[in-house]
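Take a look at the structure below.
The values are calculated or read from the model by the stated rules, or taken from the named source; none is laboratory data. This structure is a prediction, so every number in the text was calculated from the model and none was measured. FYI the Cβ positions are ideal-geometry reconstructions off the backbone, even for glycines, and counts take in every protein chain you see.
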Amino acid sequence: MTDATTSELAERLGDPGLVLLDVRRPAEFLGEVVAPCDPSAGHIPGARNLDLAELLAAHDVETVLELVAA
C-alpha cells in the first residue's frame, strides 16, 4: 500500500468507489478548530469523518470495514 498523491485523488473525486476518510476530531473536520499542522480549516469536499480513536479501537478487519462503510 502506498500513499495517494494529490493528482491521483483529484482524478478519482466523484468516483463512487472512492472512500476518502478524514480521521481528525470532529471539530477539526468541521473547521471549528484548526490544528497548527492544518494549512486551512475544514476538510476535503466529499471526505467523511471517522475519528482516529474509533478506528484504532476496532479490533478486526470486519469492524474497520463497517466503520468505513457507515
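Assorted remarks:
- Among the criteria (1) surrounded by 13 or more Cβ atoms within 10 Å (Cβ to Cβ); (2) within 21 Å of Leu55 (Cα to Cα), the one Ala41 does not fulfil is (2).
- Restricting Val61, Val68 to residues that are over 21 Å from Asp15 (Cβ atoms) and without any contact (Cβ under 8 Å) to a residue 60 or more places away in the chain narrows the list to Val61.
- Cβ pairs under 8 Å, 6+ apart, first in region 1-29 and modelled with pLDDT of 85 or more, second aromatic (Phe, Trp, Tyr): Asp22/Phe29
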